[in-house]
Amino acid sequence: MTEANWLWALFTLIAAAAQTIRNAAQRELTGKLGTVGATHVRFLFGCPFALVFLAAVHAAGTALPRPDAGFWLWLLDGALAQIAATALMLAAMGERSFVVTIAYIKTEPVQVALFGLLFLGDAVTPMMAAAIVIATAGVIVMSLKDGTSGGGLRPTLLGLSAGACFALSAIGFRGAILSLHDPSYAMAATFTLAAGLVLQSVLLTVYLGLRDRAVLAAIAAAWRPSLFAGFMGALASQFWFLAFALATAANVRTLALVEVLFAQAISHFVFRQPISAREGVGIVVIVIGVALLIWAY
């Protein structure tokens, strides 16, 4: 087994765990800062950490890449789609249980596989396709659990739309990483992350400065919890991008469905939401799909 065959999986698992913690922290900030404000936190407070990561990789002796116009187009696609996805996710979390929102969003792998094939030429073998479908089916089983309050069409559409935007974001960022043609996958991934967070921070700061300066003031006042959410967001993104540099976005985002299992633990132990038998079945199906993916890679 080559390094790329197992490192991408390790990076994905670390990213999924960090992102679950980040999502929980952002959910708590939404009530204080609003959807756009909480969305901005992950970018604004994550940006300094991403620059530190980049400085560390550069200090290790790796030269900075020289991106072309294609890189910036891919990056803009990924950055804008991720802003939209994060806002939609937080809006959905305000209307639906934490774990069910994550479940809706995690219908993303099927869309990632399609977008990856169309825009990047990332092939999906029949075995990988089966793994994606099985794991996604497990997510759908969980999303249809009984006894969930606050349901309805709106939170469902918000969650599914967030999943679509996250899919487009994953393709955009992987496209940016690949366009660098850098011999160091660590530098390509870290440079793309830093550039993306700088771009996102500038865009949302300008937007809030023009539309709602009070939110910027509220973000500054909530700097302590925002700093933690920003760090976890940057840490998660760093490992997502490392994984994207080594494997197709479809494989990464399918393995990332383990985040649903992490979210289930957060939902139960932090938010005190009960676990149903249906969720248990969904978890088993997700595990089968993920295991099949690892075996097929």
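Every test in (1) within 15 Å of residue 52 (Cβ to Cβ); (2) touching a His at 6+ places or on another chain (Cβ under 7 Å) is passed by residue 201 save one, and that test is (2). In the stretch 245-267, is there at least one residue being more than 26 Å from residue 53 (Cα to Cα), among the β-branched types (Val, Ile, Thr) and outside any helix (DSSP H, G or I)? For the stretch 245-267, residues more than 26 Å from residue 53 (Cα to Cα), among the β-branched types (Val, Ile, Thr) and outside any helix (DSSP H, G or I): absent.
Among the residues of the stretch 66-83, write down those that are more than 12 Å from the chain's Cα centre (by Cα) and open to solvent by 20 Å² or more (accessible area, probe 1.4 Å). Once the filter is applied, which keeps residues that are more than 12 Å from the chain's Cα centre (by Cα) and open to solvent by 20 Å² or more (accessible area, probe 1.4 Å), the stretch 66-83 yields 66, 67, 68, 69, 70, 72, 73, 74, 76, 77, 80. Scanning the stretch 210-244 for residues that are in a helix (DSSP H, G or I), open to solvent by less than 20 Å² (accessible area, probe 1.4 Å) and either of a type in the set (Gly, Ala, Ser) or out of contact with any helix residue (DSSP H, G or I) (no Cβ under 7 Å at 6 or more places or on another chain) (or both) turns up 226, 229, 230, 233, 234, 236, 237, 243. Within the stretch 60-77, is there a residue that is in contact (Cβ under 8 Å) with a residue 60 or more places away in the chain, among the β-branched types (Val, Ile, Thr) and assigned to a helix (DSSP H, G or I)? No, the stretch 60-77 contains no residue that is in contact (Cβ under 8 Å) with a residue 60 or more places away in the chain, among the β-branched types (Val, Ile, Thr) and assigned to a helix (DSSP H, G or I).
Applying the selection to the stretch 250-293, what residues are at pLDDT 80 or above and open to solvent by 50 Å² or more (accessible area, probe 1.4 Å)? Residues satisfying the conditions are 281, 284, 287, 288, 291. Being open to solvent by 60 Å² or more (accessible area, probe 1.4 Å) and without any contact (Cβ under 8 Å) to a residue 12 or more places away in the chain holds for only one residue in 44, 10, and it is 10. Within the stretch 156-173, residues that are farther than 20 Å from residue 119 by Cβ sit with their Cβ atoms under 6 Å from residues that are of a type in the set (Ser, Thr, Tyr) and open to solvent by less than 10 Å² (accessible area, probe 1.4 Å), at 6+ positions apart or across chains, in these pairs: 159/101.
The values are calculated or read from the model by the stated rules, or taken from the named source; none is laboratory data. Quick caveat: nothing in here was measured; it's all calculated off a predicted structure. All Cβ positions, even for glycine, are placed from backbone atoms using ideal geometry, and neighbour counts span all protein chains on display. Accessible surface is based on the protein model in full, side chains and every heavy atom, while ligands, DNA and RNA are left aside. Shrake-Rupley method; radii C 1.70, N 1.55, O 1.52, S 1.80 Å.
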